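See structure below.
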Amino acid sequence: MTTSKLLLTTGDLLEVEGSIDEVTKTLENAARSSAGTLARFEESGELGDLAVNPLQVVTVRPGD
């Protein structure tokens, strides 16, 4: 499975399932939606779903 890493403004590094293109598209769609819309991802491994505020993402890069 392809993964991507999200670096947040808090300094947290999250690894989510999906290519960079898929992840950035999800972030862009959430940012264009109504205020407060979160981007939803499947966290890498068995950790489950998570939602991210797209305004808090600093970088997106390939996962391991």
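See the values below:
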| read-out | value |
| --- | --- |
| Which listed residue is in contact with an Asp or Glu (Cβ under 8 Å, 6 or more places away or on another chain) and hydroxyl-bearing (Ser, Thr, Tyr), from Thr3, Thr10, Thr24 | Thr3 |
| Selection count where residues are of a type in the set (Asp, Glu) and either touching a Pro at 6+ places or on another chain (Cβ under 6 Å) or in contact (Cβ under 8 Å) with a residue 24 or more places away in the chain (or both), scope region 13-47 | 5 |
| Filtered residue count, region 26-64, keeping only those that are more than 11 Å from Ser4 (Cβ to Cβ) and either of a type in the set (Lys, Arg) or in contact with a Gly (Cβ under 6 Å, 6 or more places away or on another chain) (or both) | 2 |
| Residue satisfying condition, being loosely packed, with under 14 Cβ neighbours inside 10 Å and among the polar types (S, T, N, Q), within set Ser33, Ser44, Ser4 | Ser33 |
| Any hit, region 2-12, residues being among the small types (Gly, Ala, Ser) and not in a helix (DSSP H, G or I) | yes |
| Region 7-21, residues that are of a type in the set (Asp, Glu) and loosely packed, with under 14 Cβ neighbours inside 10 Å | Asp12, Asp21 |
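The numbers here are math on the coordinates, done by the rules we state, and not lab data. Predicted model only: the values in this text are computed from it and were never measured. Here the Cβ is made from the backbone with ideal geometry for all residues, glycine too, and neighbour counts use every protein chain on show.
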